[in-house]
Amino acid sequence: MKIFKIFIILALCQFFVEKVIGQSTKPRVIVLTDIENEPDDAMSTVRFLTYSNQFDIEGLIATTSIHQKNKVASWRLKEIVEAYGKVQPNLSLHEEGYQSAEKLLSLIKDGRPNYGMQAVGNGMDSDGSELIIKSVDRADSRPVWVLVWGGPNCLAQALWKVKNTRNAKEIEKFVAKLRVYTISDQDDSGPWLRKTFPELFYIASPGFHALGGYHYATWTGISGDKFHGRFAGGNFSTVTNTWLDKHIRSKGPLGKQYPFATFLMEGDSPSFMYLINNGLGNSEHPNWGSWGGRYEFYQPRTEKWFLEPETRPLYTNAEDEVFGVDSSWHTSNKATIWRWRDAFQNDFEARMDWTIKPYKEANHPPFVKINNEKYIKAKVGDKINLSAEGSTDPDGNILSYKWFYYPEVGTFSISTARTGNPLKIEDADKEKAWFRVPQSTRLGTIHIILAVTDNGIPSLTRYERIIVDVQ
């Protein structure tokens, strides 16, 4: 009995760590894509497949959008997945878990070739909407992430059917298992979903119709700050076609499937970059920040960048204050993505190397180890010791360390970097660091990020997060 109790306690401790700090299980993912409306969906698909071992992919569904109203292009998904099949054995030399191309091909489905709410209602079921229902109904306690790169009407049809065929308790259970990340509202079914299912977990980066474009959308930060990457605060050199030619398109069968950008490089990629297990983000906490951006839970809003006035809270644009490569401060929602651009572009380059190179000729990310608690209760004046002793690199590369305070995320202080960071971390570039909890007008949580970077080619970064709860 005593041993049984110990196992129960250990299991609960593990659950707490995964829930609060990070996650050890793969997220379940369904992608809805209006691929072929422009090249960026195909670009995102290539990157997505190099990270496919990080997810349990349960569907790849071709859909419509405002840009492609009357057709779907699952044929293009099949082309890219078939190219992935040629390199999947080589990818598997570098990390485990890459699904076979045959498995992924079986998950490619079509939504209805109609725009928005025209494809929602009685008799509007599709292979795509049926797949969503079957996935959510599966006996698996993990939530299902629906990543919407175009219009979400396929998801809307699935939920319409559930709403009209099940009782209230069954509908509530179904909705509770869904997590939605949309790349703006690209048809009129997005607002319908949020109105009709007010409890639906929903991340939306609005921007459509704003002054005729996507000026306000967080996801544009993947390759720029202002529209189309002009005047970017991040390093713009790594998102040019010249860089992409050398580091992505030149690398094997999958690289050949990566097209040239028409407007924006990979506008849809932040949706799955948000879920990449690199130690930085936590999918249940969009406000914590990740490679896919940072989002806060806002009350109903009526700003012009929504298709129509909101009737419910949702996760949407949050701002970070970041010092850019142009030697100026930027306070914007796009900065929540471009601040990580060097790291995620290097990571993509390395994974494209994995598609063609043996293990010894490629670089692999470091393993970060934290030698102190990841959740610390403290008081003003306490000394907080931070240690990354035991962090290693699989290729034997030299590691560098950067401990930094993420002021926008915690509740401890309203101060930001530019107005005077109230937290000084001593030895912030060392394996061991420390700080004292300063006085503040507001107590609460302090988020400390550790970035560990190797000196391989390209250099790769992984993270850990420590939360200090000042009481």
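Brief remarks follow.
Here is a yes/no grid of residues against (1) crowded, with 19+ Cβ neighbours inside 10 Å; (2) out of contact with any helix residue (DSSP H, G or I) (no Cβ under 9 Å at 6 or more places or on another chain); (3) over 24 Å from F236 (Cβ atoms):
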| residue | (1), (2), (3) |
| --- | --- |
| R339 | yes, no, no |
| W354 | yes, no, yes |
| N371 | no, yes, yes |
| K383 | no, yes, yes |
| G396 | no, yes, yes |
| P407 | yes, no, yes |
| F412 | yes, yes, yes |
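- From the options K71, K78, residue that is touching a residue at least 24 places away in the same chain (Cβ under 8 Å), touching a helix residue (DSSP H, G or I) at 6+ places or on another chain (Cβ under 9 Å) and of a type outside the set (A, V, I, L, M): K78
- Answer residue from segment 326-337, given it is more than 15 Å from A217 (Cα to Cα) and touching a strand residue (DSSP E or B) at 6+ places or on another chain (Cβ under 9 Å) and is surrounded by the fewest Cβ atoms within 10 Å (Cβ to Cβ) among those: W329
- Single residue of S74, S100 found to be among the polar types (S, T, N, Q), under 30 Å from D353 (Cβ atoms) and either touching a Pro at 6+ places or on another chain (Cβ under 7 Å) or exposed (fewer than 15 other Cβ atoms within 10 Å of the Cβ) (or both): S100
- In summary, A139 fulfils each of the numbered conditions (1) closer than 16 Å to I30 by Cα; (2) among the hydrophobic types (A, V, I, L, M, F, W, C); (3) surrounded by fewer than 16 Cβ atoms within 10 Å (Cβ to Cβ) with the single exception of condition (1).
- Of the helices (runs of 4 or more DSSP H) lying entirely inside segment 218-294, those carrying at least 1 residues that are on the phi > 0 side of the Ramachandran plot and modelled with pLDDT of 90 or more are 252-255.
- Restricting attention to segment 241-298, the residues that are basic (K, R) and touching a residue at least 60 places away in the same chain (Cβ under 8 Å) add up to 3.
- Residue in segment 450-459 that is more than 22 Å from W340 (Cβ to Cβ) and either assigned by TED's automatic domain parsing to the domain that holds F323 or touching a residue at least 12 places away in the same chain (Cβ under 8 Å) (or both) present: no
- Where helices (runs of 4 or more DSSP H) sit wholly within segment 35-144, those with at least 3 residues that are farther than 19 Å from L275 by Cβ and in contact with a strand residue (DSSP E or B) (Cβ under 9 Å, 6 or more places away or on another chain) occupy 74-91, 127-137.
- Residues satisfying the stated conditions in segment 15-34, i.e. farther than 30 Å from N70 by Cα and either in a helix (DSSP H, G or I) or modelled with pLDDT of 95 or more (or both): F15, F16, V17, E18, K19, V20, K26, P27
- The requirement of being over 18 Å from G128 (Cβ atoms) and modelled with pLDDT of 95 or more is fulfilled nowhere in segment 147-162; no residue meets it.
- In this entry, V180 passes the filter for residues that are surrounded by 15 or more Cβ atoms within 10 Å (Cβ to Cβ), under 21 Å from the mean Cα position of the chain (by Cα) and not in a loop (DSSP other than H, G, I, E, B).
Every residue, every condition in (1) touching a residue at least 12 places away in the same chain (Cβ under 8 Å); (2) of a type in the set (S, T, N, Q); (3) over 20 Å from P27 (Cα atoms), yes or no:
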residue: Y98; (1), (2), (3): yes, no, no
residue: L107; (1), (2), (3): yes, no, no
residue: G111; (1), (2), (3): yes, no, yes
residue: N114; (1), (2), (3): yes, yes, yes
residue: M117; (1), (2), (3): yes, no, yes
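- For segment 173-184, the condition holds for at least one residue, the condition being that it is modelled with pLDDT under 95 and not charged (D, E, K, R).
The values are calculated or read from the model by the stated rules, or taken from the named source; none is laboratory data. All of these numbers come straight from a predicted model, not from anything done at the bench. Quick reminder, even Gly has a Cβ in these numbers, built from the backbone with ideal geometry, and neighbours come from all protein chains shown.
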